1. Under a plain spin-label model, where a point goes 7 Å from the Cα along Cα-to-Cβ, how far apart in nm are Arg99 and Arg63?
2. Based only on other Cβ atoms within 10 Å, what is the fewest-to-most ordering of Leu74, Leu52, Leu14?
3. Could you name the aspartates and glutamates in cross-link range of Lys84, using Cα to Cα under 16 Å and dropping any fewer than eight places away on the same chain?
4. For the chain, what percent of Cα pairs sit more than 16 Å apart?
5. Which aspartates and glutamates have a Cα less than 16 Å from the Cα of Lys50, not counting those fewer than 8 places away in the same chain?
6. For Arg19 and Asp77, calculate 0.36 nm times their separation in residues minus their Cα-Cα distance, and state this gained length in nm to one decimal.
7. Please compute the contact order of the chain in relative form: average sequence separation of alpha-carbon pairs under 8 Å and at least six residues apart, divided by the residue count, as a percent.
8. For the chain, which cysteines have no second Cys with its Cβ under 4.7 Å from theirs?
Amino acid sequence: MMQIIRKIGDYKTLYRDDRSGIAWIVDNTTGLGYSVHPNIDSSGSVAGMKALGYWGRSDRTVRSHGWIYNIDILAYDSKNELEKLLADSECKCAACIERRGF
């Protein structure tokens, strides 16, 4: 289930899936969503992503709010403050918790 964690500024909202721990930020001025894990639409093919070599064969995936996330790949721009916030502290998926050493 998706939970609103807090507002970030006037038009940005931080969400987290309480089941998977995936966190993302929605920018309501542009309609963009920010995450630190590559994802595909839930109608996409994880097997296809792995077969094409985009995702590793042993990479873990989780479903959340209409997307499938590859939690074993961390992909973000450290100069983007929203993505940095997610990577440093807000994403609570199994891979991010392991990466942070908790």
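Nothing in this text is a laboratory measurement; each read-out follows from the coordinates by a stated rule. These numbers come from a predicted model, not from an experiment. Cβ: placed from backbone, ideal geometry, glycine included. Neighbour counts: every protein chain shown.
1. 2.4 nm
2. Leu52, Leu74, Leu14
3. Cα-Cα hits under 16 Å: Asp27.
4. Tail of P(r) above 16 Å: 56 percent of Cα pairs.
5. Counting by Cα, and skipping residues close in sequence, Lys50 has these aspartates and glutamates nearby: Asp41, Asp59, Asp72.
6. In short, 18.3 nm is gained.
7. In percent, rounded to a whole number, it is 25.
8. Cys93
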